[in-house]
Every structure is written in C-alpha cells, then in structure tokens.
Amino acid sequence: MSNLVRLSFSLEEPLLRKLDELQGKSRYTNRSELIRDMIRERLVHIEWEEDQEAVGTVTLVYNHHLPGLSQKLTHTQHDYHDLVLAATHVHLSHDLCVEVVLVKGFASRIQELLDALRRHKGVLHGTLSLTSTGIHLA
C-alpha cells in the first residue's frame with residue numbers, strides 16, 4: 001500500500017451522523033476505509049461517464065423455450081465479440097435460463113451490447129454491472 005497521508009475535513013453534524021450510519025451498516029471498521037471506498041466508487045462512476053474502458057457483467061434471464069432465442073443471443077454476442085470475454089449459461093428451471101457474460105471494453109459499447117441482447121423477445125430481464133479496469137484507481 002502507498003504511504004498514508006492524514007487529512008482533516010469538516011462536515012455538518014447531520015452528515016457526520018449519516019456517515020457513521022453508513023459505516024455501522026457496512027463491513028467497514030473505521031471511517032477511513034469507508035471514505036476510501038466512496039472515493040473509488042466515484043472515480044469508477046466518472047470512468048463510465050467519460051466512456052473509458054471498463055469491465056463488467058451482463059446478466060440475462062430468459063425463456064429458453066422461445067424458438068431460436070438462444071441462437072439469437074449467441075449471434076448478438078458474436079456481433080460484439082471484441083467485448084465478450086466469457087459467458088456462462090445456467091438452467092434456473094424447466095423454462096428459464098440465466099446467462100452471465102463477462103465483458104471488457106468502452107462503457108458505451110458494453111451498454112450497446114446489453115441493449116441489443118435485451119431487445120430479443122423472450123428476454124425477461126437484463127442488467128449490467130460495470131466496474132473499473134483498476135488502472136486509474138491505484
């Protein structure tokens with residue numbers, strides 16, 4: 001870990017109480033850990049807004065009995081092959097499947113992929129979880 005620097009800053013008392021509530025509801029043992037992660041979270045958010053390279057997961061829940069849907073989802077992933085690192089398919093029930101696609105690329109292109117996958121009839125839900133490549137967080 002890099003050299004730690006001590007700093008001091010001021011907060012209104014109600015905001016300090018909110019900070020302490022956040023810490024109490026979380027795994028953080030002290031305010032410093034919580035604040036470090038809050039700063040990193042904001043930096044990651046800025047990376048997404050600035051359309052920098054990101055990594056993430058696209059998660060889809062769909063009805064696999066719909067004719068041709070599995071092939072359409074695979075075809076769409078091939079259309080974005082430059083983003084797709086891996087995909088995992090899980091059978092949730094007799095009718096439903098979940099597919100998790102690990103992706104890496106510019107945030108806007110990853111969002112395009114999610115949108116393209118969600119458009120297919122039979123996809124019940126699709127979500128995206130983006131994070132940083134970590135390059136700008138160290």
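The values are calculated or read from the model by the stated rules, or taken from the named source; none is laboratory data. Bear in mind that the values here come from a model prediction, so they are computed numbers and not experimental data. Don't worry about glycine lacking a Cβ; one is built from the backbone with ideal geometry, like all the others, and counts go over all protein chains shown.
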Yes or no: Asp20 among the acidic types (Asp, Glu) and over 23 Å from Leu117 (Cβ atoms)? yes
Identify, from the list Glu41, Glu47, the residue that is of a type in the set (D, E, K, R), touching a residue at least 40 places away in the same chain (Cβ under 8 Å) and out of contact with any Lys or Arg (no Cβ under 6 Å at 6 or more places or on another chain). Glu47
Flagged in the stretch 64-75 as more than 18 Å from Ala116 (Cβ to Cβ) and either of a type in the set (Val, Ile, Thr) or surrounded by 14 or more Cβ atoms within 10 Å (Cβ to Cβ) (or both), in numbering order, are His64
Taking the stretch 90-138 and keeping only residues that are part of a loop (DSSP other than H, G, I, E, B) and on the phi > 0 side of the Ramachandran plot, one is left with Gly122, Gly134
Against the condition surrounded by 12 or more Cβ atoms within 10 Å (Cβ to Cβ) and more than 18 Å from Leu128 (Cβ to Cβ), how does His78 come out, does it pass? no
Number of the exception - Thr59 against (1) in a helix (DSSP H, G or I); (2) polar (S, T, N, Q); (3) under 26 Å from Glu99 (Cα atoms): (1)
Gly56 fails exactly one of the following numbered conditions: (1) crowded, with 16+ Cβ neighbours inside 10 Å; (2) of a type in the set (Gly, Ala, Ser); (3) over 25 Å from Thr127 (Cβ atoms). What is the number of that condition? (3)
Residue ID - nearest to Leu137 (Cα to Cα), chosen from residues in the stretch 1-46 that are assigned to a helix (DSSP H, G or I) and among the small types (Gly, Ala, Ser): Ser32
If Thr29 passes every condition in (1) surrounded by fewer than 11 Cβ atoms within 10 Å (Cβ to Cβ); (2) within 28 Å of Leu128 (Cα to Cα) but one, which one does it miss? (2)
Would you confirm whether any residue within the stretch 41-50 is surrounded by 15 or more Cβ atoms within 10 Å (Cβ to Cβ) and at pLDDT 95 or above? no
Filter the stretch 82-103 for residues that are closer than 17 Å to Asp115 by Cβ, without any contact (Cβ under 8 Å) to a residue 40 or more places away in the chain and acidic (Asp, Glu) and give the result. Asp82
